[in-house]
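The values are calculated or read from the model by the stated rules, or taken from the named source; none is laboratory data. In this text the structure is predicted, and so the values were computed from the model without any measurement. FYI the Cβ positions are ideal-geometry reconstructions off the backbone, even for glycines, and counts take in every protein chain you see. Side chains are part of the model used for accessible areas, which takes the heavy atoms of the whole protein and leaves out ligands, DNA and RNA. Shrake-Rupley method; radii C 1.70, N 1.55, O 1.52, S 1.80 Å.
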Amino acid sequence: MSYTKTLKREKYLKELIEKQCTGTPKELAVKMEVSESTVYRILKALKELGEPIDYSESKNTYYYK
């Protein structure tokens, strides 16, 4: 996968998290046109870079702490 494509995916995911409209991991995968495992990989990478991301089960969305 190209570096540019990875950056675009990360940027899009961060925008969805900021708006708190990611949906469930499965829904997020559909929105991003990737597999659910790719969603988890991107989230893990962002968290390792220090992004304070958490998931709200009551709202079904990822958000910044």
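Quick look at the numbers
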{"read-out": "Selected residue [at pLDDT 95 or above and not β-branched (Val, Ile, Thr)] from Ser35, Ser2", "value": "Ser35"}
{"read-out": "Matching residues in the range 21-34 - criterion: being exposed (fewer than 12 other Cβ atoms within 10 Å of the Cβ) and either touching a Pro at 6+ places or on another chain (Cβ under 9 Å) or not acidic (Asp, Glu) (or both)", "value": "Lys26"}
{"read-out": "Output for the range 39-54, where each listed residue is surrounded by fewer than 15 Cβ atoms within 10 Å (Cβ to Cβ) and either under 14 Å from Glu27 (Cβ atoms) or touching a residue at least 12 places away in the same chain (Cβ under 8 Å) (or both)", "value": "Tyr40, Ala45, Pro52"}
{"read-out": "Residues that are under 10 Å from Thr61 (Cβ atoms), open to solvent by less than 50 Å² (accessible area, probe 1.4 Å) and not β-branched (Val, Ile, Thr), drawn from the range 1-20", "value": "Leu16"}
{"read-out": "Candidates Glu18, Glu27 - the one that is acidic (Asp, Glu) and in contact (Cβ under 8 Å) with a residue 40 or more places away in the chain", "value": "Glu18"}
{"read-out": "Positions within the range 25-65 being closer than 16 Å to Tyr12 by Cα, part of a helix (DSSP H, G or I) and acidic (Asp, Glu), in sequence order", "value": "Glu27, Glu36"}
